[in-house]
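A quick write-up on the structure given underneath.
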Amino acid sequence: EDQVTQSPEALRLQEGESSSLNCSYTVSGLRGLFWYRQDPGKGPEFLFTLYSAGEEKEKERLKATLTKKESFLHITAPKPEDSATYLCAVSESSASKIIFGSGTRLSIRP
Amino acid sequence: KAGVTQTPRYLIKTRGQQVTLSCSPISGHRSVSWYQQTPGQGLQFLFEYFSETQRNKGNFPGRFSGRQFSNSRSEMNVSTLELGDSALYLCASSWGQAETQYFGPGTRLLVL
């Protein structure tokens, strides 16, 4: 069964303390892996799409990487405004749907 | 380019009533997906429409239905509302099926 697992469920960091969020997936063939940021009560905001192992994308303090079985979202020197839930999702090459993980709640203390 | 829009943004209904939510996708996008999100829960997939046809359906009762129009705008309907239907309903559009999705702001539904 296709699955997407995100860890940790919650992460509390001090401002400036870099860390990584993990997204592991089991699909027979990856079509695309997506990262989103969601603030409370709002719709998810698109961050990145990764298509193949070895691919990396960056945006401000965020960097997403992809291997054959997992993706990491690296946060460098985070600020309090980076506090949000980060969602990972995958689409499988033979299917026509997207599967979301349950998210990581990130909290950055000033 | 305008983003995904959803109307209404907030809605209060009572048990047993029905509700219709609307979603206008990004111009040129032909796929619209609907999700339910309850407090502390992840995104629960409801259904996806592509070129006016339902292509995928999640594990929700038949009280949840939807449709897509020729201009790609989509509506979802929930009949015989239950307290547990209180949630944030999100619409996402993409150029094609299972492509990068862009989300609207959501409709917050409260069932009393």
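Tell me which strands (runs of 3 or more DSSP E) are completely within the range A:47-110 and hold 1 or more residues being within 14 Å of chain B (Cβ to nearest Cβ), or say none if there are none.
Once the strands (runs of 3 or more DSSP E) in the range A:47-110 are filtered for at least 1 residues that are within 14 Å of chain B (Cβ to nearest Cβ), what remains is A:56-59, A:62-66, A:84-92, A:98-100, A:104-109.
Look at A:GLU92 and say whether it is free of Cβ contacts under 8 Å to residues at least 24 places away in the same chain and open to solvent by less than 60 Å² (accessible area, probe 1.4 Å).
Values: free of Cβ contacts under 8 Å to residues at least 24 places away in the same chain: no; open to solvent by less than 60 Å² (accessible area, probe 1.4 Å): yes.
So A:GLU92 fails the test.
Rundown of residues vs (1) open to solvent by 40 Å² or more (accessible area, probe 1.4 Å); (2) more than 27 Å from A:SER94 (Cα to Cα); (3) among the hydroxyl-bearing types (Ser, Thr, Tyr), yes/no style:
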position	(1), (2), (3)
B:THR53	yes, no, yes
B:ASN77	no, yes, no
B:LEU81	no, yes, no
B:ASP85	no, yes, no
B:LEU90	no, no, no
B:TRP95	yes, no, no
B:ALA98	no, no, no
B:LEU110	yes, yes, no
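Which number in (1) aliphatic (A, V, I, L, M); (2) more than 14 Å from the chain's Cα centre (by Cα); (3) within 18 Å of A:ASP2 (Cβ to Cβ) marks the one condition that A:ALA89 misses?
Only one criterion in (1) aliphatic (A, V, I, L, M); (2) more than 14 Å from the chain's Cα centre (by Cα); (3) within 18 Å of A:ASP2 (Cβ to Cβ) is unmet by A:ALA89, namely (2).
Taking the range B:12-51 as the search range and keeping residues that are among the hydrophobic types (A, V, I, L, M, F, W, C) and more than 11 Å from the chain's Cα centre (by Cα), which one is surrounded by the most Cβ atoms within 10 Å (Cβ to Cβ)? Quick ask: steps written out before the conclusion?
Looking only at the range B:12-51, we keep the residues that are among the hydrophobic types (A, V, I, L, M, F, W, C), and these are B:12, B:19, B:21, B:23, B:26, B:32, B:34, B:43, B:45-47, B:50.
Keeping just the survivors that are more than 11 Å from the chain's Cα centre (by Cα) gives B:12, B:19, B:26, B:43, B:50.
Values: B:ILE12: 12, B:VAL19: 18, B:ILE26: 18, B:LEU43: 25, B:PHE50: 20.
Restricting to residues being among the hydrophobic types (A, V, I, L, M, F, W, C) and more than 11 Å from the chain's Cα centre (by Cα), the top hit is B:LEU43.
Among A:TYR36, A:TYR25, which is more than 8 Å from chain B (Cβ to nearest Cβ), open to solvent by less than 20 Å² (accessible area, probe 1.4 Å), under 26 Å from B:GLN44 (Cβ atoms) and among the aromatic types (Phe, Trp, Tyr)?
Numbers: A:TYR36 fails: more than 8 Å from chain B (Cβ to nearest Cβ).
After applying the criteria, what remains is A:TYR25.
Yes/no per residue for (1) over 18 Å from B:GLU99 (Cα atoms); (2) crowded, with 20+ Cβ neighbours inside 10 Å:
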| site | (1), (2) |
| --- | --- |
| A:GLU45 | no, no |
| A:ARG61 | yes, no |
| A:GLU70 | yes, no |
| A:LEU87 | no, yes |
| A:SER96 | no, no |
| A:SER107 | yes, no |
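The values are calculated or read from the model by the stated rules, or taken from the named source; none is laboratory data. All values reported here derive from a predicted model rather than from experimental measurement. Every residue, glycine as well, gets a Cβ built from its backbone with ideal geometry; the counts of neighbours run over all protein chains shown. Each accessible area value is taken on the protein alone, full model and side chains, heavy atoms only, with ligands, DNA and RNA left out. Shrake-Rupley method; radii C 1.70, N 1.55, O 1.52, S 1.80 Å.
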